[in-house]
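So the structure is just underneath, and the comments pick up after that.
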Amino acid sequence: MTIPDFAADAEALLPDLVALRRAIHADPELGLDVPRTQQRVLAALAGLPLEITTGTATTSVVAVLRGALPGPTVLLRGDMDALPIEEATGLDFASSNGTMHACGHDLHTAGLVGAAKLLSARREELHGSVIFMFQPGEEGHGGAKVMLEEGLLDVAGERPVAAYAIHVGPGPRGLFATRPGAMAAGSNHLSVTVKGRGGHGSQPHQTLDPVPAAAEMVLALQSFVTRRFDAFDPVVLSVTRLSTGDGAINVIPETVELAATVRNMSPASLAILQEGLPRVIEGVASAHGLTAEVQFDVMYPVTVNADAETADTVDVLRGVFGEERVMIMPTPMMGSEDFSFVLDEVPGTFIGMLTSPADTDLATVEWNHSPRVVFDDALLGDQAAALAAIAFARTSPRASVAG
């Protein structure tokens, strides 16, 4: 079977996709509750031959397209939530509500709508079913996990055999980037409260001062990471909070709180972190006559791309867009993604799409989560076409690219 020319089909959709993206960008919402974005998605999908359900624990949208021909089910994901960032892009459609789509989820949402339209128009040629997963709460809220708990994978009547998502980022315009195996790091939170006995700053000998112990813990954590892990199975630990509260400057505090983000690339490294980090913290505290409360929370697992699915995805993207627009990443990203929850259940591929405007100086480009990051929404047609082509190919018995 030949894959339709979705890239050509998408050209006619581009103005509507850009308008949808910009409407979402100008009115961003946070977390698991994105009702205005949900309504825009529902309006954009209206009239398509889709079975649509909405979430109960979150404002998700799930749409199922059933092809006219028999075949398996695949899943496509687009996330919808924004970040609590004051936008500073100066765009005509910039947000003014203190919230910003600084990670490109507005493009992900519009691109997935485009894929739904492209595949719906080719329903008579489509084998199997496609689940379109419009997900709130990706930015630290575990929205994918919530949707899985609500039965996402069973909504089509049979579980998907593969799952795919595209995430935009800065870089050479229009380049797709992915890799087999670990694609993005697991994300974990470390929280510590060091407890001592406060007192006057002029008489530290009469206290149990938690401040120097906390400083020692910061260094001990860095030594732990550099000495306990294989350099080819990296771990990144960054202490991002260190606080004694708002007491007077001449008072030694009772407690110090510190927190860190911890990234890992394998279950083996996670096991070492879970056992070792509390031991290091408690050991330093004990050496100073203090106590420490340690909490280590696993937030997101490692995002792992299946080898076979990724090889097929690369072949499809190269067939549609050309060899020069597809790159195999040499290393994973140390950022995290809650699409990892889906890929823990279903084999699939997470793909980067680089979308800096053509006149961007890549040496000084702003990155995701910057208040000044800009993505080129003229690439929305390619994003939609890529998702549609990947899904069409995976559900087809034997697919080849047109042309």
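Quick notes on this one:
- Of all residues in the stretch 200-250, exactly one satisfies the criterion of being over 16 Å from M334 (Cβ atoms), polar (S, T, N, Q) and open to solvent by 90 Å² or more (accessible area, probe 1.4 Å), namely Q206.
- Apart from one condition, S96 fits all of (1) in a helix (DSSP H, G or I); (2) within 14 Å of A26 (Cβ to Cβ); (3) open to solvent by 10 Å² or more (accessible area, probe 1.4 Å); (4) not aliphatic (A, V, I, L, M); the exception is (1).
- Residue list for the stretch 251-271, filter: among the hydrophobic types (A, V, I, L, M, F, W, C) and surrounded by 17 or more Cβ atoms within 10 Å (Cβ to Cβ): I252, V256, L258, A260, V262, M265, L270
- Qualifying residue in the stretch 182-200 (condition: farther than 30 Å from R21 by Cβ, part of a loop (DSSP other than H, G, I, E, B) and hydroxyl-bearing (S, T, Y)): no
- Among the candidates G128, G137, the residue that is assigned to a loop (DSSP other than H, G, I, E, B), in contact with a helix residue (DSSP H, G or I) (Cβ under 6 Å, 6 or more places away or on another chain) and either open to solvent by less than 10 Å² (accessible area, probe 1.4 Å) or at pLDDT below 95 (or both) is uniquely G137.
- The residues listed here are V320, V302; of these, the one that is open to solvent by less than 50 Å² (accessible area, probe 1.4 Å), of a type outside the set (F, W, Y) and in contact with a Ser or Thr (Cβ under 8 Å, 6 or more places away or on another chain) is V302.
- Taking the stretch 175-192 as the range and being crowded, with 19+ Cβ neighbours inside 10 Å and either closer than 30 Å to T291 by Cα or over 19 Å from the mean Cα position of the chain (by Cα) (or both) as the test, the residues that pass are G186, S187, N188, L190, V192.
- Of residues in the stretch 221-256 being over 30 Å from the mean Cα position of the chain (by Cα) and of a type in the set (A, V, I, L, M, F, W, C), the one nearest to A287 (Cα to Cα): V256
- Top-ranked residue of the stretch 34-56 - restricted to ones that are surrounded by 15 or more Cβ atoms within 10 Å (Cβ to Cβ) and closer than 16 Å to L17 by Cβ, ranked as nearest to the chain's Cα centre (by Cα): T37
- Count of the stretch 99-125 residues, restricted to those that are of a type in the set (A, V, I, L, M) and open to solvent by 10 Å² or more (accessible area, probe 1.4 Å), is 1.
- Subset of the stretch 19-60 (residues that are assigned to a helix (DSSP H, G or I), over 30 Å from E125 (Cβ atoms), small (G, A, S) and touching a helix residue (DSSP H, G or I) at 6+ places or on another chain (Cβ under 8 Å)): A23
- The stretch 72-88, residues that are buried (at least 16 other Cβ atoms within 10 Å of the Cβ) and more than 10 Å from Q135 (Cβ to Cβ): P72, T73, V74, L75, L76, A82, L83, I85, E87
- Pairs are defined by a Cβ separation below 7 Å, a sequence spacing of at least 6 or placement on different chains, a first member in the stretch 71-87 that is of a type in the set (K, R), and a second member that is part of a strand (DSSP E or B); the pairs so defined are R77/M133; R77/Q135; R77/A163; R77/A165.
The values are calculated or read from the model by the stated rules, or taken from the named source; none is laboratory data. In this text, all values refer to a predicted model and were calculated from it rather than measured experimentally. Cβ atoms come from the backbone with ideal geometry, glycine included; neighbour counts cover every protein chain shown. Heads up: the accessible areas ignore ligands, DNA and RNA and are worked out on the full protein's heavy atoms, side chains in. Shrake-Rupley method; radii C 1.70, N 1.55, O 1.52, S 1.80 Å.
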